[in-house]
């Protein structure tokens with residue numbers, strides 16, 4: 001907890017230097033986060049940051065008698081674990097003493113926290129990597145009133161593998177990743193495909209039509225990264241989307257049965273969120289299918 005001020009300064013320093021994109025969507029993500037003691041656990045002593053290995057998901061959409069396989073990055077689908085599962089893990093396997101509390105938080109910059117804690121390192125693409133798991137992870141942070149004895153505080157580091165590697169830079173279709181000569185790993189988030197295809201709206205014309213490679217988000221820099229070579233093939237196969245379901249989705253159907261079925265198969269949203277999510281998936285799938293024709 002005594003490092004909260006330094007963690008916040010890391011972010012504020014980037015903001016003052018103008019390195020954080022002014023993209024409204026991106027800023028809505030980061031400006032709502034702040035390194036500070038939570039009101040519901042004012043006597044917090046430590047933060048536990050967990051990295052959970054999560055496979056790249058693959059799903060087949062059937063259309064016109066053809067099968068179209070499309071990726072869903074690890075951080076966009078639900079693998080079945082819950083915040084309560086992680087809470088119990090921390091209490092039973094990490095703290096191992098009774099009488100303490102843990103409180104989940106989504107108000108912290110978890111990538112920075114993971115790197116500063118020594119758990120991971122940044123890639124040139126500004127994504128957090130864990131040894132042995134690459135970037136196929138989800139990060140979760142919990143405050144606790146338990147005082148850990150060891151402090152694993154470390155400097156912000158980029159992976160050694162990135163020093164002379166330009167693969168992610170060369171594979172980014174929108175030039176969001178800084179040139180290796182810049183010796184920087186803060187990307188231009190306003191150019192990142194994920195910022196645009198996560199929400200409703202029109203995809204900018206400057207994003208190439210063949211850049212769309214996932215149902216949501218983008219895997220271009222991660223799929224080609226040498227640090228993911230050992231884990232990128234460990235995939236999670238989701239249930240197939242039938243020809244009828246694919247057509248209904250592309251037609252913009254608001255059918256409750258379709259929403260329920262896609263919710264179950266894709267593991268990305270609950271039926272009440274269908275009105276918000278399905279238009280996004282329709283648009284993204286249309287772009288992906290269109291790019292497959294060229």
- Message: On the principal axes of its Cα set, how long, how wide and how thick is segment 1-112? Give whole Å, largest value first.
- Response: 60, 44, 19
- Task: Could I have the simple spin-label model distance between residue 250 and residue 6, label points 7 Å from Cα toward Cβ, reported in nm to one decimal?
- Result: 5.4 nm
- Overall form of segment 66-141 per C-alpha gyration tensor (a/c, 1.5; a/b vs b/c): oblate
- Under 1.5 on a/c is rounded, so check that first for segment 198-266, then, if it is not, pick prolate when a/b is larger than b/c and oblate when it is not; a ≥ b ≥ c are the square roots of the alpha carbon gyration tensor eigenvalues. oblate
- Message: Viscosity 1.306 mPa s, temperature 10 °C: give me the Stokes-Einstein translational D for the chain in µm²/s, with Rh taken as the Kirkwood radius over C-alpha pairs.
- Response: 77 µm²/s
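Divide by every residue of the chain the summed helix terms, -39500 (n - 2.57) for each DSSP H run of at least 4, and state the resulting mean residue ellipticity at 222 nm, rounded to the nearest 500 deg cm²/dmol.
Value at 222 nm, helices only, nearest 500: -8000 deg cm²/dmol.
Convex hull over the alpha-carbon atoms of segment 36-190: what's its volume per residue in Å³?
Cα-based convex hull of segment 36-190, divided per residue, equals 167 Å³.
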- Note on the structure: For 149-158, 168-177, ranked highest to lowest by mean beta-carbon neighbours within 10 Å, the order is 168-177, 149-158
- Multiply the residue separation of residue 36 and residue 202 by 0.36 nm, subtract the distance between their alpha-carbon atoms, and state the gained length in nm to one decimal. 56.2 nm
- Item | Crossing angle, helix 4-16 versus the chain [Cα axis fit, 0-90 degrees, rounded to tens] | 50 degrees
- Message: Need the C-alpha centroid separation for segment 228-249 versus segment 23-99, integer Å.
- Response: 20 Å
- Query: By how many nm would the segment from residue 264 to residue 107 grow when fully extended, if each residue of separation counts as 0.36 nm and the alpha-carbon distance is taken off?
  - Reply: 53.7 nm
- So what's the angle, to the nearest 10 degrees on a 0 to 90 scale, between helix 256-266 and the longest Cα principal axis of the chain? 60 degrees
- Item | Cα-based helix-to-principal-axis angle, 274-291 vs the chain, degrees rounded to 10 | 60 degrees
- Message: Please compute the modelled spin-label separation between residue 184 and residue 84, points set 7 Å along Cα→Cβ, answer in nm with one decimal.
- Response: 4.6 nm
- Note on the structure: Shape call for segment 1-66, from the Cα gyration tensor axes a ≥ b ≥ c (a/c under 1.5 means rounded, otherwise prolate when a/b beats b/c, else oblate), comes out oblate
- Query: How much space per residue, in cubic angstrom, does the convex hull of the C-alpha atoms of segment 139-294 take up?
  - Reply: 187 Å³
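Rule-based calculations on the coordinates, nothing more; no lab input. Keep in mind that what you see is a predicted model, and the values were worked out from it rather than measured. FYI the Cβ positions are ideal-geometry reconstructions off the backbone, even for glycines, and counts take in every protein chain you see.
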